[in-house]
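Reviewing the structure listed below.
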Ligand SMILES: Nc1ncnc2c1ncn2[C@@H]1O[C@H](COP(=O)(O)OP(=O)(O)OP(=O)(O)O)[C@@H](O)[C@H]1O
Ligand SMILES: [Mg+2]
């Protein structure tokens, strides 16, 4: 028998809010030390899953163990070992950056000397040292976002939950946060990262799930998932003749270099075609309608989602 | 390798209380409310109605001070719920009751400061206090009233979602307490905390009395009110915020 050292294991975990099936039967096995991505559109159930695993929201049914502890029975043991970065900016506006971070450390019972040193170190890494004595209410959104992250990590937890940690950050700050998260992974922490940025999921995660309507629709490493879509390029375009979408896709997929096709949203079609860039004209000849607004790209996780649901991650 | 810390309840309580206190004194509007509202009545009585009337109503004005803590406390917890900080706190190994206690503690510190300031202010504005008045009781009676305010505040906090609605709705408790209790008028109802307190405070401040039936008994009744309201408040607050 192989015993995997698991950070998280869930069994048919569900959360219903009345008629809304926010999380609808999730089975997970997340090995220790991995950076695990949870990708899904708005309302997929990412935050609800994190809240259940961090013990602040009781599940409707199912069980989960976190670091070997039961989420219903061993709440305190779990809380001692996790750090949570919530999706919203949750800070005390009338405390300064240091005081906000210190408060979390104090709740964990870190020694003053330890948390003071570490806070300075962390603020430095996030380029926030020079303004750390100002009240947080005067910070810009991006600065608050970085403090939001630091409050989750001050006590060096074994398991970290980051719920969309880079939402609303400019590309440069986003890089800073990404590098920061990678640092933790190198220290052997287990990290659960939710996002609806396919770039982020692709770049950071060792393994990921894509969830939609509270269910896992696929799971694997980013390369595995993209690999399932085939070798081809993704060709996306708009057509005027929307009623004929299905016929157009049918005609296109008859070509031997077109592996599959899907309609996305109301007006768009996505084809997966080998060597797609050079064969656009061939495709055009076959589908016999005008393609507008064409883009050709490599497979992304977004296309994995499109393939599975016929929708985009972000509409 | 990660360390696991063993947090101590007393330390958590202390740090949370300090945090609450800092958040409060850094907000000008809260300071204005805590000290300004009772001050308005001091000025009104002293300069509007004159020193003689002021002498009669000064005990009530001091009782008025801890009453404003109802909106203060309800606003504090509503803000923690609304902004998500309560939820964030309880992802750490701190219990909900420690967070709750810290909220009550910091308000009691405010109450103590507020009462001392009010007593100094009425003296400054020339109120004549009976030379035999028991100074400890002058402080203790309004301080006991602060406990009933915390109870009312908690009950209110368990029903409201935002700090601003807490501030608004608090008036529906503050005004009846103020007028029915006769803090600034004649009392209409005898058994509510404010009328009990005003009676006891008047006996101590004006007559220099320490009679049990006027002072001791009233303090006991106010304390019963306080305990009852706080227990009810805690039960309601815990239940209403159990599912976050
Ligand atoms: N407290 C609640 N009461 C009622 N419904 C809720 C509650 N919390 C979440 N939901 C619903 O559960 C579903 C999943 O929400 P959740 O916040 O988990 O999604 P998400 O994947 O995090 O989305 P987003 O990317 O927008 O953050 C949504 O339909 C949401 O409206
Ligand atoms: Mg979310």
Quiz item: Restricting attention to segment A:200-215, which residues are touching a residue at least 40 places away in the same chain (Cβ under 8 Å) and surrounded by fewer than 18 Cβ atoms within 10 Å (Cβ to Cβ)?
Solution: A:206, A:207, A:213, A:215
Practice problem: Count, please, the residues in segment A:34-58 that happen to be farther than 14 Å from residue A:81 by Cβ, in contact with a helix residue (DSSP H, G or I) (Cβ under 8 Å, 6 or more places away or on another chain) and within 12 Å of another protein chain (Cβ to nearest Cβ). | Solution: 3
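Could you pull out the residue among A:69, A:17 that is within 16 Å of ligand 2 (Cβ to nearest atom) and out of contact with any strand residue (DSSP E or B) (no Cβ under 9 Å at 6 or more places or on another chain)?
Numbers: A:69 fails: within 16 Å of ligand 2 (Cβ to nearest atom).
Going through A:69, A:17 in turn, just one is within 16 Å of ligand 2 (Cβ to nearest atom) and out of contact with any strand residue (DSSP E or B) (no Cβ under 9 Å at 6 or more places or on another chain): A:17.
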Quiz item: For segment A:139-232, which strands (runs of 3 or more DSSP E) that fit wholly inside it have 3 or more residues that are within 14 Å of another protein chain (Cβ to nearest Cβ) and within 16 Å of ligand 1 (Cβ to nearest atom)?
Solution: A:159-163
Self-check item: residue A:254 surrounded by fewer than 16 Cβ atoms within 10 Å (Cβ to Cβ), touching a helix residue (DSSP H, G or I) at 6+ places or on another chain (Cβ under 8 Å) and modelled with pLDDT of 80 or more
Solution: yes
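So, in segment A:75-120, how many residues would count as being part of a loop (DSSP other than H, G, I, E, B) and under 26 Å from residue A:8 (Cβ atoms)? Reasoning before the result, please.
We begin by selecting, within segment A:75-120, every residue part of a loop (DSSP other than H, G, I, E, B); these are A:86-95, A:109-111.
Narrowing further to those that are under 26 Å from residue A:8 (Cβ atoms): A:86-90, A:109-110.
The qualifying residues number 7.
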Self-check item: Test: residue in segment A:174-192 that is at pLDDT 90 or above, within 16 Å of ligand 2 (Cβ to nearest atom) and touching a strand residue (DSSP E or B) at 6+ places or on another chain (Cβ under 7 Å)
Solution: yes
Quiz item: Out of segment B:1-10, which residues are assigned to a helix (DSSP H, G or I) and at the interface with another protein chain (Cβ under 7 Å from one of its Cβ atoms)?
Solution: none
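When segment A:23-38 is examined, which residues are found to be within 12 Å of ligand 2 (Cβ to nearest atom) and closer than 16 Å to residue A:301 by Cβ?
A:38
I'd like to check something: does segment B:106-113 contain any residue that is under 30 Å from residue A:81 (Cβ atoms) and within 14 Å of chain A (Cβ to nearest Cβ)?
Yes, that holds for at least one residue.
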Quiz prompt | Residue check, residue A:90 surrounded by fewer than 23 Cβ atoms within 10 Å (Cβ to Cβ) and either within 19 Å of residue B:89 (Cα to Cα) or modelled with pLDDT of 95 or more (or both) | solution = yes
Exercise. Looking at (1) within 16 Å of ligand 1 (Cβ to nearest atom); (2) away from chain B (no Cβ under 14 Å), find the lone condition where residue A:87 falls short.
Key: (2)
Exercise. Quick one: which residue in A:125, A:137, A:133 is in contact with a strand residue (DSSP E or B) (Cβ under 6 Å, 6 or more places away or on another chain), at pLDDT below 95 and surrounded by fewer than 21 Cβ atoms within 10 Å (Cβ to Cβ)?
Key: A:133
Quiz item: What's the number of the condition residue B:30 fails, among (1) under 30 Å from residue A:102 (Cβ atoms); (2) at pLDDT 90 or above?
Solution: (2)
Quiz item: In segment A:63-74, which residue that is crowded, with 18+ Cβ neighbours inside 10 Å and assigned to a strand (DSSP E or B) is farthest from ligand 1 (Cβ to nearest atom)?
Solution: A:69
Exercise. Hey, can you tell me all the residues within segment A:35-56 that are more than 8 Å from ligand 1 (Cβ to nearest atom) and over 14 Å from the mean Cα position of the chain (by Cα)?
Key: A:52, A:53, A:54, A:55, A:56
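Conditions (1) crowded, with 24+ Cβ neighbours inside 10 Å; (2) without any contact (Cβ under 8 Å) to a residue 24 or more places away in the chain; (3) within 14 Å of another protein chain (Cβ to nearest Cβ), marked per residue:
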| position | (1), (2), (3) |
| --- | --- |
| B:50 | no, yes, no |
| B:79 | no, no, yes |
| B:82 | no, no, yes |
| B:99 | no, no, yes |
| B:128 | no, no, no |
Quiz item: Do we have residue A:124 as more than 26 Å from residue A:50 (Cα to Cα) and either within 16 Å of ligand 2 (Cβ to nearest atom) or without any contact (Cβ under 8 Å) to a residue 40 or more places away in the chain (or both) here?
Solution: yes
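The values are calculated or read from the model by the stated rules, or taken from the named source; none is laboratory data. Remember, predicted model here, so these are calculated numbers, not experimental data. Cβ atoms come from the backbone with ideal geometry, glycine included; neighbour counts cover every protein chain shown.
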